[in-house]
Each structure stands twice: as structure tokens, then as C-alpha cells.
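Written below as C-alpha cells is the structure these notes are about.
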Amino acid sequence: MTHKPIEDIAALRQTVERLAATMPVTDMHTHLYAPEFGSLLLWGVDELLTYHYLISESFRWTDGEYDAFWALSKQEQANLIWRNLFIDHSPVSEAAKGLITTFSRLGLDVSSRDLDSYRQAWQSRTVHEQVDTVMRMAGVSSLVMTNDPFDELERLVWLAGEGGKDPRFHAALRVDALLNDWPCAVGELRKLGYTVDETWSEQTQDEVRRFLSEWIGRMDALYLAVSMPGDFRYPADDHRSRMIDNVMLPVCRERNIPFALMIGVRRSVNPSLRTAGDMSMLSNVSAVEALCRRYPAQKFLVTMLARDNQHELTVLARKFRNLMIFGCWWFLHIESMVEEMTRFRMELLGASFIPQHSDCRVFEQLIYKWEHSRTIIGRVLADQYAKLLRSGWRVSEAEIARDLDDLYNRNFWNFLGKTQ
């Protein structure tokens with residue numbers, strides 16, 4: 001890696017694009033699992049095709065009954081989506097185009113449009129081989145899972161001591177039910193042996209703190225994570241504020257981990273679509289502002305789902321160093337939004353944010369989600385360097401690599417106070 005300043009704009013762009021495409025990255029929020037979690041790890045052709053983005057998009061091209069679709073086998077659903085989105089129409093959406101990128105990078109002949117041959121290509125692959133191949137192709141050196149002790153299949157893996165064996169896979173403790181569905185959470189906690197009730201007693205608070213602390217330790221969780229609706233308010237005279245103030249943040253401080261809030265989802269707008277039926281929702285950034293101001297020593301990882309919240313959230317991050325904004329979440333993970341958000345974030349924050357996370361649910365999606373995002377991040381960064389060069393400021397290859405390492409890795413790990 002040379003420290004010699006780059007004098008030419010064309011050479012500068014080539015260097016940035018090369019490094020942006022090849023440097024390893026930490027994917028700090030996914031819905032993926034390590035192989036030891038068995039069936040929870042989704043991979044393969046049919047899982048890729050029945051991704052919830054493609055399910056909802058496919059229904060735009062058919063007047064078929066929802067129940068009839070759900071009655072089909074996984075492979076039959078995949079066949080239907082393939083016909084609707086890839087044979088009868090061109091795959092120009094981000095999710096459909098991403099599938100083509102993934103197939104192509106894995107060596108499949110996408111010009112053949114032969115779904116059966118794609119399935120056959122997977123038959124000789126083991127899950128461990130596929131995980132290694134995909135992580136290498138995507139340049140992902142480590143990733144963070146989303147882990148829920150209330151999921152029985154997942155819980156059994158952790159209790160058996162099988163979770164956390166692969167050092168590339170890290171845990172994040174998901175706490176959605178505790179904040180968003182307290183009656184359900186009470187039932188689950190009781191099943192696990194915690195003495196809780198729906199009333200907000202001291203004993204209940206102590207027991208929930210014990211639950212969180214024990215599972216953070218068992219998983220070695222990097223942060224607590226919750227997905228919140230857009231109508232989340234803080235402070236408020238409600239269960240969420242009491243849970244955050246009296247339970248979650250005390251445990252985060254004790255364990256010295258961040259609290260990650262993903263705000264702006266509206267669940268089951270179309271229940272007939274099941275997991276594909278969720279929607280985005282405008283959020284109140286002042287809730288994040290109040291948390292950051294009230295708890296200056298507590299670190300918050302935050303992303304929001306509505307486009308209209310992004311600029312205000314970015315400006316807020318200029319005011320509070322305990323706030324780290326991350327990624328282009330869910331419906332914002334399309335090329336036009338990733339570019340827009342990355343540009344104004346960099347213009348306001350320099351390189352002191354986390355530009356992307358994959359949010360993957362199917363393992364091979366790492367390939368296209370990171371390839372597409374790397375291209376945009378590299379282009380935005382190259383434009384900023386080009387402006388500096390025109391003003392007489394020159395950067396070296398080593399400095400470019402440093403800045404990309406901040407964006408891809410160190411901003412996350414330094415915010416956690418950990419080494420990768």
C-alpha cells in the first residue's frame with residue numbers, strides 16, 4: 001500500500017473503486033445464521049426466490065389468491081415467482097436484479113434462464129462450503145446475526161453450547177417482544193423460568209434484567225437490538241419508556257454494549273402477504289434526540305426506515321457522538337436511496353458513520369447486496385476525493401484504504417469499544 005499522493009483524477013477514481021470493491025467488511029446487521037443453527041440458516045435457489053421482497057413483487061403480476069400461493073410447496077412458490085418476475089417480465093427491480101447478480105457471480109449461466117439447472121448446481125454444495133464461498137465472494141470478514149432466545153430452535157443451540165463457535169459470526173440480542181408485545185414476552189419469560197408478570201413490579205424488572213444479562217453473556221452479544229414502529233415516542237408514560245429506562249439501558253451500561261434501534265416499520269399492512277406485508281412509516285427523530293441527551297454515556301446505533309427521516313437523523317448525529325447511524329435499511333436498500341443517503345451523510349459527517357449493512361435473510365444475498373453497495377460507496381467517496389484534488393489536497397492509496405476501513409469496519413468496532 002503506497003503512501004505516495006495520487007496526482008491524477010482518473011488514477012484516483014480507479015484506486016478508490018478497486019479498494020471499495022475488494023476491502024473486507026463487517027456486516028453489522030443481518031438475519032443470517034452460522035451453519036450450526038441448522039434450518040435457521042436459509043440458503044439456496046428456492047430460498048432466494050421466495051425472499052419476501054420477491055413474493056410481494058410477484059403478486060403485482062397476478063390476480064391469484066393469496067391462500068393458494070401459501071398452499072404451494074417452497075419449490076412451487078419459487079417456480080411461480082421465477083415465471084412472473086424473470087420469464088414473463090424483465091428483472092429490473094433491485095431485488096430481482098440482485099438475484100441475477102448472485103447467480104452470475106456463482107458461475108451460473110443466467111442467459112439460459114433454466115431454473116432446474118440452477119437448482120442442480122446447488123446439489124453438490126454443502127452448507128459449510130457455500131458459507132465460505134459466499135463470504136469470500138462478498139468480502140465479508142465477519143457478520144452480526146439477529147438472535148432471539150424466545151425462538152425455541154435457536155434457544156436450543158445456545159443452551160447446548162453450539163452457538164458462537166464460528167468466530168466470523170457474532171450475536172445481537174433481539175428484544176422486540178419485550179418492548180412491543182409485553183403480554184407475549186411475559187409468557188415466554190415464564191417458560192424460561194423467570195418470575196415475571198404483566199404488572200411493572202420491582203421483581204419483574206429484576207427478572208427481565210436478569211434475563212437480558214444472562215443471554216448477553218451466553219451469546220456474547222455485541223448489542224441489544226429492537227425494531228420499532230414509527231409511532232415510537234420517548235419519553236412517554238408507557239411500557240416502552242419504562243422498559244428502556246429501568247431495564248434495558250441499565251443492562252447495556254452494566255455490560256458496556258450499545259442499544260440498537262431500527263425505527264419506522266408498520267407491521268402487516270397487508271396480512272395476506274404474511275412476512276412480505278410490512279410497510280415503512282414516518283418516525284419521530286426527537287425520540288432518538290431525547291435518548292442521546294438523557295443518556296450521554298450510553299451508545300446508540302440507529303437506523304430509520306422512512307426516507308423523510310434520513311436528513312434530520314444525520315444532522316442529529318453531528319450533535320451527539322453517542323449516536324452512530326448505520327445502513328440503508330429495508331426499503332431504502334435500493335441503489336437510488338443508497339446513493340442519496342451515502343452522499344449527504346458523507347457531506348455532513350465525513351467518514352464517521354456506517355454506510356451499509358446487508359439485512360440479509362438468505363445467505364447468498366450477501367453477494368449482490370455488498371457488490372451493489374460497494375460500487376455506490378466507492379463512487380461517492382471518489383467524488384469527494386476528486387473535489388479535494390481540484391483544490392490541491394492529495395490523498396494516497398494508504399489514506400483511501402484507511403478511510404474505507406473506517407466505513408467498512410472500524411467505525412462499528414470502535415463504537416463498540418472492541419477490536420475485530
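Of the residues making up segment 377-389, none is touching a residue at least 24 places away in the same chain (Cβ under 8 Å) and on the phi > 0 side of the Ramachandran plot.
Applying the selection to segment 53-69, what residues are among the β-branched types (V, I, T) and surrounded by fewer than 19 Cβ atoms within 10 Å (Cβ to Cβ)?
Of segment 53-69, the ones among the β-branched types (V, I, T) are 55, 62.
Listed by number, the list holds a single entry, T62.
Please indicate, with yes or no, whether at least one residue in segment 122-131 is basic (K, R) and either touching a strand residue (DSSP E or B) at 6+ places or on another chain (Cβ under 7 Å) or at pLDDT 95 or above (or both). No, segment 122-131 contains no residue that is basic (K, R) and either touching a strand residue (DSSP E or B) at 6+ places or on another chain (Cβ under 7 Å) or at pLDDT 95 or above (or both). Only residues that are surrounded by fewer than 20 Cβ atoms within 10 Å (Cβ to Cβ), touching a residue at least 60 places away in the same chain (Cβ under 8 Å) and of a type in the set (A, V, I, L, M, F, W, C): list them for segment 158-178, please. Scanning segment 158-178 gives a single hit, W158. Of the residues making up segment 288-328, those that are in contact with a Gly (Cβ under 8 Å, 6 or more places away or on another chain) and under 21 Å from L222 (Cα atoms) are T303, M304. Scanning segment 131-187 for residues that are touching a Lys or Arg at 6+ places or on another chain (Cβ under 6 Å) and among the aromatic types (F, W, Y) turns up just one, W158.
Sub-8 Å Cβ pairs linking a first residue in segment 23-40 that is hydroxyl-bearing (S, T, Y) to a second residue that is modelled with pLDDT under 95, at least 6 apart or interchain, are T26/Q420, ordered by first then second residue.
Where helices (runs of 4 or more DSSP H) fall entirely within segment 9-78, those with at least 3 residues that are out of contact with any Phe, Trp or Tyr (no Cβ under 9 Å at 6 or more places or on another chain) are at 9-22, 52-58, 66-70. In segment 339-380, the residue that is surrounded by the fewest Cβ atoms within 10 Å (Cβ to Cβ) out of those that are within 18 Å of A34 (Cβ to Cβ) and of a type in the set (D, E) is D359. Scanning segment 70-89 for residues being under 28 Å from the mean Cα position of the chain (by Cα) and surrounded by 15 or more Cβ atoms within 10 Å (Cβ to Cβ) gives a total of 9.
If you check D406 against the conditions, is it acidic (D, E) and touching a helix residue (DSSP H, G or I) at 6+ places or on another chain (Cβ under 8 Å)? Spelling it out, it is not the case that D406 is acidic (D, E) and touching a helix residue (DSSP H, G or I) at 6+ places or on another chain (Cβ under 8 Å). Cβ contacts < 6 Å: first residue within 21 Å of L106 (Cα to Cα) and among the aromatic types (F, W, Y), restricted to segment 342-369; second residue modelled with pLDDT of 95 or more and surrounded by 21 or more Cβ atoms within 10 Å (Cβ to Cβ), any location; separation 6+ or different chain. Result? As it stands, the answer is F363/L32; F363/V134; Y368/G98; Y368/T102, since those pairs meet every condition given. Being without any contact (Cβ under 8 Å) to a residue 40 or more places away in the chain and surrounded by 14 or more Cβ atoms within 10 Å (Cβ to Cβ) holds for only one residue in V186, V127, and it is V186.
Of the residues making up segment 266-297, those that are surrounded by fewer than 20 Cβ atoms within 10 Å (Cβ to Cβ) and among the polar types (S, T, N, Q) are S268, N270, S272, T275, N284, S286. Of everything listed in (1) more than 21 Å from T50 (Cβ to Cβ); (2) without any contact (Cβ under 8 Å) to a residue 40 or more places away in the chain; (3) buried (at least 19 other Cβ atoms within 10 Å of the Cβ), the single unmet condition for V140 is (2).
The values are calculated or read from the model by the stated rules, or taken from the named source; none is laboratory data. All values derive from a computational prediction rather than experimental measurement. We place every Cβ from the backbone using ideal geometry, glycine too, and count neighbours over all the protein chains shown.
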